[in-house]
Amino acid sequence: MGLDVYAVHSPEAGLTEEDEMVFEEAGIELCGGIFSGGPGSFRGKVYDMLILDITGVSLYQVWIPPETVQQMAEAFKHVDPQDFETGLAGNYSWENYSAGTIENLCKFFGICAERGLGLAGSW
């Protein structure tokens with residue numbers, strides 16, 4: 001089962017053009033799915049276990065409110081990308097994670113936190 005994750009203002013309201021521009025300018029490189037992968041979205045299935053381990057929050061939810069996303073962003077700020085790559089990345093045999101994975105997820109969640117965005121999941 002796949003999972004696409006979208007940064008949104010609410011379950012009924014997506015991103016503004018300004019939000020999309022901020023995500024584009026950040027140069028975030030995360031795996032996209034059939035429908036996800038544009039500004040403010042990624043293929044959640046690829047990152048769910050990693051995000052769950054770091055934040056305690058599963059992406060397999062229809063709606064993750066901005067307050068929870070803020071906590072997720074804070075959790076990523078405490079992960080050193082280089083320490084992750086040399087120590088923990090090997091624990092994930094399904095995906096080939098790197099320091100860049102942590103850096104990109106940190107950017108993604110940071111933008112969401114700054115802009116008051118939640119996450120909508122679709123699978």
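The values are calculated or read from the model by the stated rules, or taken from the named source; none is laboratory data. As the structure is a prediction and not an experimental result, all values here were calculated from the model. When we count neighbours, we look across all protein chains shown, and the Cβ atoms used for this are built from the backbone with ideal geometry, even at glycine.
For the reader, a short list of remarks on this structure follows.
- Condition met for I54 (within 15 Å of G110 (Cα to Cα), part of a loop (DSSP other than H, G, I, E, B) and modelled with pLDDT of 95 or more): no
- Some residue of region 80-94 being more than 12 Å from the chain's Cα centre (by Cα) and closer than 28 Å to G14 by Cβ: no
- The one condition in (1) modelled with pLDDT under 95; (2) closer than 19 Å to A120 by Cα that E85 fails to fulfil: (2)
- Residue in region 28-38 that is modelled with pLDDT of 95 or more, over 18 Å from T101 (Cβ atoms) and among the aromatic types (F, W, Y) present: no
- For region 56-73, a residue qualifies if it is in contact (Cβ under 8 Å) with a residue 12 or more places away in the chain, out of contact with any Gly (no Cβ under 7 Å at 6 or more places or on another chain) and either within 20 Å of E12 (Cβ to Cβ) or of a type outside the set (V, I, T) (or both), and the qualifying residues are G56, T68, Q70, Q71, M72.
- Residue list for region 74-123, filter: charged (D, E, K, R), in contact (Cβ under 8 Å) with a residue 40 or more places away in the chain and surrounded by fewer than 17 Cβ atoms within 10 Å (Cβ to Cβ): E95
- Any hit, region 111-118, residues being farther than 13 Å from L30 by Cβ and in a loop (DSSP other than H, G, I, E, B): yes
- Any hit, region 67-80, residues being out of contact with any Phe, Trp or Tyr (no Cβ under 6 Å at 6 or more places or on another chain) and among the aromatic types (F, W, Y): no
- Residues in region 9-35 that are in contact (Cβ under 8 Å) with a residue 40 or more places away in the chain and within 12 Å of the chain's Cα centre (by Cα) were compared, and the one that is farthest from E85 (Cα to Cα) is F23.
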